[in-house]
Amino acid sequence: MKGTQNSPQKQTQIYQSIVQFDREKAGLIFGRKGKTLNGLKKSTGAKILVNVENGEIHISATSERIVKRAQLSIQEILAVADTHRLIYLNITFSSLTDISICFIPFANQPNQFIIVYSSTEIENV
């Protein structure tokens with residue numbers, strides 16, 4: 001009988017962070033129809049889970065840089081929430097794709113923005 005050899009599986013390190021937020025600002029994190037949150041996930045590559053009940057946003061990724069980028073983006077969204085300077089654009093191209101773009105200004109750096117976007121294919125009716 002042949003013996004089996006157990007090969008060690010490659011372990012991927014997961015980096016995590018938690019951002020606390022005022023539960024009343026949950027709508028800013030989600031955005032219209034979840035587009036801001038989905039755009040954050042796409043643009044950063046991080047896994048982002050929002051727990052509205054306890055006011056926590058859980059961020060995880062395989063890179064510390066990705067987690068930090070997502071954390072910074074979320075903190076900037078929350079920081080400018082009080083100024084109400086978020087700019088939303090919804091664009092439809094040739095009746096096939098709907099693109100939502102949110103320009104989020106940096107709190108202390110005028111003329112610099114985080115751009116969060118999301119695109120959705122529109123079904124033919």
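Side notes on the structure shown:
- Positions within segment 3-37 being modelled with pLDDT of 90 or more and closer than 13 Å to residue 70 by Cβ, in sequence order: 15, 16, 17, 18, 19, 37
- Unmet criterion (only one of (1) open to solvent by 80 Å² or more (accessible area, probe 1.4 Å); (2) modelled with pLDDT of 75 or more; (3) touching a Pro at 6+ places or on another chain (Cβ under 9 Å)) for residue 65: (3)
- Selected residue (criterion: most open to solvent (accessible area, probe 1.4 Å)) from residues of segment 69-83 that are modelled with pLDDT under 80 and small (Gly, Ala, Ser): 79
- Taking the numbered list (1) in contact with an Asp or Glu (Cβ under 9 Å, 6 or more places away or on another chain); (2) open to solvent by 70 Å² or more (accessible area, probe 1.4 Å); (3) at pLDDT 65 or above in turn, residue 104 passes all entries but (2).
- Hits in segment 29-44 - residues which are touching a helix residue (DSSP H, G or I) at 6+ places or on another chain (Cβ under 7 Å) and open to solvent by 50 Å² or more (accessible area, probe 1.4 Å): 30
The values are calculated or read from the model by the stated rules, or taken from the named source; none is laboratory data. This structure is a prediction, so every number in the text was calculated from the model and none was measured. Cβ sites come from the backbone with ideal geometry, for glycine too, and all protein chains shown count toward neighbours. Keep in mind that these areas ignore ligands, DNA and RNA; they rest on the heavy atoms of the full protein, side chains included. Shrake-Rupley method; radii C 1.70, N 1.55, O 1.52, S 1.80 Å.
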